[in-house]
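The values are calculated or read from the model by the stated rules, or taken from the named source; none is laboratory data. In this text, all values refer to a predicted model and were calculated from it rather than measured experimentally. So basically every Cβ, Gly included, is an ideal-geometry build from the backbone, and we count neighbours across all protein chains shown. The area values use the complete protein model at the heavy-atom level, side chains included, leaving out ligands, DNA and RNA. Shrake-Rupley method; radii C 1.70, N 1.55, O 1.52, S 1.80 Å.
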Amino acid sequence: MHVTRHEDTFVITVRGEVDHDDEENFVEAWAAADRAALPTTAVDLSQITFADSMLLNALLDARRRHAESDREFVLLGPLPPPVSRLLTVSGTLEHFTIADTGVRPGSRDRDAAPRDGRPDPDGRGDGHRE
């Protein structure tokens with residue numbers, strides 16, 4: 001997990017597998033975001049390869065904390081299949097603001113990723129929807 005500040009945005013980049021062993025890292029990241037008290041916190045989830053309920057709980061907690069302090073909380077994508085599945089199956093996808101940054105990891109075509117914040121239904125990264 002990597003934390004940076006870009007102007008008025010606190011950015012948290014998460015990579016690889018995310019499970020209960022990472023809980024303390026998220027607690028520290030949210031605390032750092034709270035201390036910075038910037039108008040927006042953006043969490044880049046585009047490089048996650050595995051995610052379990054710990055990630056869901058951490059994101060919901062951060063969303064609640066940001067709403068209570070009138071700050072914006074944004075998920076940066078495109079959301080990889082493990083994250084998309086987690087948010088969709090849990091029924092929480094619609095509760096998050098998702099900003100699609102363009103290129104899905106491993107994709108060669110910048111225009112191939114969906115732009116509407118919805119998960120790519122087949123996980124191919126081509127944005128095709130029935």
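Assorted remarks:
- Between amide H atoms placed 1.01 Å from N, distances below 5 Å from residue 52 occur with 18, all of them 5 or more places distant or on a separate chain.
- For the stretch 1-96, the solvent-accessible area with a 1.4 angstrom probe is 51 square angstrom per residue.
- For residue 15, nonlocal amide neighbours, meaning residues 5 or more places apart or on other chains whose placed amide H falls under 5 Å from its own, do not occur.
- Whole-percent carbon and sulfur share, accessible surface of the stretch 1-101, 1.4 Å: 48
- For the stretch 33-43, backbone phi angles converted through the Karplus equation (6.51, -1.76, 1.60; θ = phi - 60°) give residue-by-residue couplings of 5, 5, 5, 5, 6, 6, x, 9, 10, 10, 10 Hz, Gly and Pro being listed as x.
- Shown in residue order for the stretch 83-94 are the 3J(HN,Hα) couplings computed by the Karplus curve 6.51 cos²θ - 1.76 cosθ + 1.60 at θ = phi - 60°: 6, 4, 4, 4, 6, 6, 4, 7, x, 9, 3, 5 Hz (x for Gly and Pro).
- Each peptide in 55-66, 31-42, 76-87 was scored by the mean count of other Cβ atoms within 10 Å over its residues; highest first, the order is 76-87, 55-66, 31-42.
- Coil-residue GluC sites (Glu not before Pro) of the stretch 2-41, DSSP, other Cβ within 10 Å capped at 10: 7
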